[in-house]
Number of protein chains: 2
Amino acid sequence: MRITSRGRYAVLAMVDLAKFGSQKPCSLSHVSIRQNISLSYLEQIFNDLKKAELVKSQKGPGGGYILNKDKDKIKILDIFNAIDEKIKTTGCGNNPNAFCSGTNKKCLTHNFWENLEGVIGNYLSTVHLSDLVEEQTLVK
Amino acid sequence: MRITSRGRYAVLAMVDLAKFGSQKPCSLSHVSIRQNISLSYLEQIFNDLKKAELVKSQKGPGGGYILNKDKDKIKILDIFNAIDEKIKTTGCGNNPNAFCSGTNKKCLTHNFWENLEGVIGNYLSTVHLSDLVEEQTLVK
DNA sequence: TAATAACCTACCAAATTAGTCAACTATCTA
DNA sequence: TAGATAGTTGACTAATTTGGTAGGTTATTA
């Protein structure tokens, strides 16, 4: 039960952007330095965030990325979805037509895993980017 | 955010055992067939479950594995812990002395990830093996 | 027009996962 | 007591995922 670095970086970078790029564009090289994340890797991640319309980009000098919505309108779950960080605990991938573990029916634990996904998804829907920007002052 | 097959199999196999092996030993070859899990892989998993004293083993004909506790005393979290299926969302591994992402302090999102771990761990503590054994009659 | 910064594509190495295979040991039963 | 059953252990491996790197192209603006 773990999250990928990609997911962790995406959330971290978005919090950074909410702090430093809510008014004017903020370059990824700055995010890269502040948060210690590889620039090329950030570029890949922001490609996806842009497709999901969570951020806008501006090329050229003085350009960079800027939030496309209010930070209290962006859920952490939105970020997960944007970069395809799946909440996936079932074996069948939640496809209603698929069956678990190669058998001809849902496995004994299917409902349990779906419930767990619900618990996680629900939490990620309640937390917004703005919550993390404010909270970080509490972090040592 | 996903779980490994190992974790999924462990829970599934324990539910199977709770159904078929709460009175007398149940061989892994039977679990293997019923749940469509590789026997050798199950053996590795049950090795860990045994070390954690969630199951007992009995060699020889008529032997197999049997639950070592009441099924309503075994939390899903216990199974996760037994097979070392970690709930790990932070980058620093929750080591209080470690820092996130190579920096000299906790990252902006550290508290958020710890809270998420709490939400998941809490849910896994509330569900017991007995809940899944009963629930499966509802599964199509 | 030079510098900046996003954009795009290909490639790669390490780690993890999900097993397989083979040999061995203990125990029960016929 | 022989043989079948069933757990135990360790080595190995193929496939996938992860976490990048490298290099170039395009757009913008000072």
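The table below lists the values:
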read-out: Estimated 222 nm signal from helices in the protein assembly as shown, with DSSP H stretches of n ≥ 4 weighted -39500 (n - 2.57), rounded to 500; value: -15000 deg cm²/dmol
read-out: Within a Gaussian network of chain B (alpha carbon springs, distance under 10 Å), most fluctuating of B:HIS30, B:HIS128, B:HIS110; value: B:HIS110
read-out: Pseudo-label separations to other copies for B:LYS51 - Cα-to-Cβ vector, 7 Å, nm; value: 4.1
read-out: Cβ-placed point charges (K, R +1; D, E -1), dipole of segment A:5-138 about Cα centre in debye, nearest 20; value: 300 debye
read-out: Computed Kirkwood radius, in angstrom, where 1/r is averaged over Cα pairs of the protein assembly as shown; value: 20.7 Å
read-out: Distance between segment A:58-80 and segment B:39-94 - C-alpha centres, whole angstrom; value: 44 Å
read-out: Averaged over B:75-86, number of beta-carbon atoms from partner chains that fall within 10 Å; value: 1
read-out: Exercise: per-residue mean of other protein chain Cβ atoms within 10 Å, B:4-11; value: 3
read-out: Kirkwood hydrodynamic radius over Cα pairs of chain A, then Stokes diffusion coefficient at 37 °C and 0.692 mPa s, in µm²/s; value: 199 µm²/s
read-out: Karplus 3J(HN,Hα) series, Hz, for segment B:5-16 with 6.51 cos²θ - 1.76 cosθ + 1.60 (x for Gly, Pro); value: 4, 3, x, 5, 5, 4, 5, 4, 5, 5, 5, 4
read-out: Charge context of B:SER57, other residues only, Cβ under 15 angstrom, K/R +1, D/E -1; value: +3
read-out: Cα→Cβ-extended label distance, 7 Å offset, between A:ASN122 and B:LYS50, nm; value: 3.9 nm
read-out: Chain B: angle of helix B:110-126 to the longest principal axis, Cα-based, in degrees nearest 10; value: 20 degrees
read-out: Label distances, nm, B:GLY63 versus same residue in remaining copies, Cβ-directed 7 Å point; value: 7.0
read-out: Lysines whose Cα lies under 25 Å from that of B:LYS71, excluding same-chain neighbours fewer than 8 positions away; value: A:LYS105, A:LYS106, B:LYS19, B:LYS24, B:LYS50, B:LYS51, B:LYS56, B:LYS59, B:LYS86, B:LYS140
read-out: Net charge contributed by nearby residues that have their C-beta within less than 14 Å of B:ILE37 (K/R +1, D/E -1); value: +1
read-out: At 7 Å out from Cα toward Cβ: B:SER29 inter-copy label distances (nm, ascending); value: 6.7
read-out: FRET E, pair B:SER22, B:ASN115, Förster distance 45 Å, beta-carbon r, rounded to 0.05; value: 0.80
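Taken together, the values in this text are just the output of simple stated rules run on the coordinates, not laboratory data. This is a predicted model, so every value here is computed, not measured. Don't worry about glycine lacking a Cβ; one is built from the backbone with ideal geometry, like all the others, and counts go over all protein chains shown.
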